[in-house]
Structure formats: C-alpha cells, structure tokens
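Colleague: Sending over a structure as structure tokens; questions will come in a sec.
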Amino acid sequence: MDKPTSEKDALSKTRLRLWLKLLKASSRIEDELRRKLREEFSSTLPRFDVMSSLYRYPDGLKMSEISELLRVSNGNITGIVDRLAQEGLAERTAVPGDRRASLVKLTDNGRTTFAEHAAAHESWIDSLLADLTEDDTLGMIKRLDTLTEKLEGKRG
C-alpha cells in the first residue's frame, strides 16, 4: 500500500535536506582542500586531480581520457598539462598511429611531487573527518555506494 501524500511529502523534504547537507559538507571539504593546496604547495585542486589521474596510470593517458576520468572538458585539461610539462612534472609523447593525440605521463619528478601532495591530502582529509568513528565512516561509505549504484543504474 502506498504511503499517504503527507508522508511522501515529508520524506521528499527530508531527502531534499539530505541533498543540501551533502552539498554543504562536500563544499566545505573542497574549500579547505583548495586552501591547503594553495598555501602549502602553491597548487590547485584541478591540478591535483590531473596529477592523481596520471599517477594511477603510469603508462600515460590521452588528454581525452583524462577529461573523461575527471568529467571536464579537454580545454580545462590542456592548460593544466601544459603547465605541468613546463615545470618538468609531466611529459607528452606522440601516440603511434594518431598524429593529433598525445600521451601524457608524469615524469619521475612529477611522481615524487604528487606522492608528497597525496600524503598531505590524505592527512588533511583524515583531520577534517576525525570526528567520525570507524562505524560512522563505514556506514556512510556503504550508504553512498548504494546510492551511487542506484544513480548509475538510472543513467544506463
């Protein structure tokens, strides 16, 4: 039997509040990460994200693959990769059989630099979420995984 309209409306409002709270928490964490990256490494979150993608794929990625992984435009990635290459943190190599594409990899210096940034990033996240118990954390992960699976199922 369906719930009465007033119960549906109340649940709908509660879900809306959840969404707003998720946005607020995510935004606050992201703001703090941006501040820390800027202050401690003179870096940015998009740059960290590009380096993270490249770090996970040591054989390199095409620009389009980086864009796809990060869900941003190629134009956003190009400027970041250009700066990383100028600083000796990344390198581009030609893709055999595709004159227009290049493969981007972190250099040894880029891998070392990213590892340092990633360790600091993990420490910052740990500190920001320090008030959550292991049960809180695992419970939230489980619920968010379930939500993500359902949302991805609706897209496909």
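Colleague: Using the structure shown, list the pairs from K105/K142; K13/K154; K8/K150; K36/K105; K62/K154 with a Cα-Cα distance above 27 Å, or answer none. Each step should come with its number before you reach the end.
Modeller: Details: K105/K142 33 Å; K13/K154 21 Å; K8/K150 20 Å; K36/K105 25 Å; K62/K154 29 Å.
Pairs exceeding the cut-off: K105/K142; K62/K154.
Colleague: In deg cm²/dmol, rounded to 500, what helix-only [θ] at 222 nm does the chain give when every DSSP H run of at least 4 residues adds -39500 (n - 2.57) and the total is split over its residues? Mind showing how you got there, number by number?
Modeller: Numbers: 6 runs with 113 residues, N = 156.
Estimated from H runs of four or more residues: -24500 deg cm²/dmol.
Colleague: Please list the radius of gyration and Dmax for the chain, considering alpha-carbon atoms only, with Å as the unit.
Modeller: 20.1, 64
Colleague: Ok, one more. Determine which aspartates and glutamates satisfy two conditions relative to K24: a Cα distance under 13 Å, and not lying fewer than 8 residues away in the same chain.
Modeller: Excluding near neighbours in sequence, the set is E32.
Colleague: Then there is this: How much length, in nm to one decimal, is gained on full extension between E65 and L45, taken as 0.36 nm per residue of separation minus their Cα-Cα distance?
Modeller: So the chain would gain 5.4 nm between E65 and L45.
FYI, it's all coordinate maths here, none of it is from the lab. Worth saying up front: this structure is predicted, and the values here are computed from it rather than measured.
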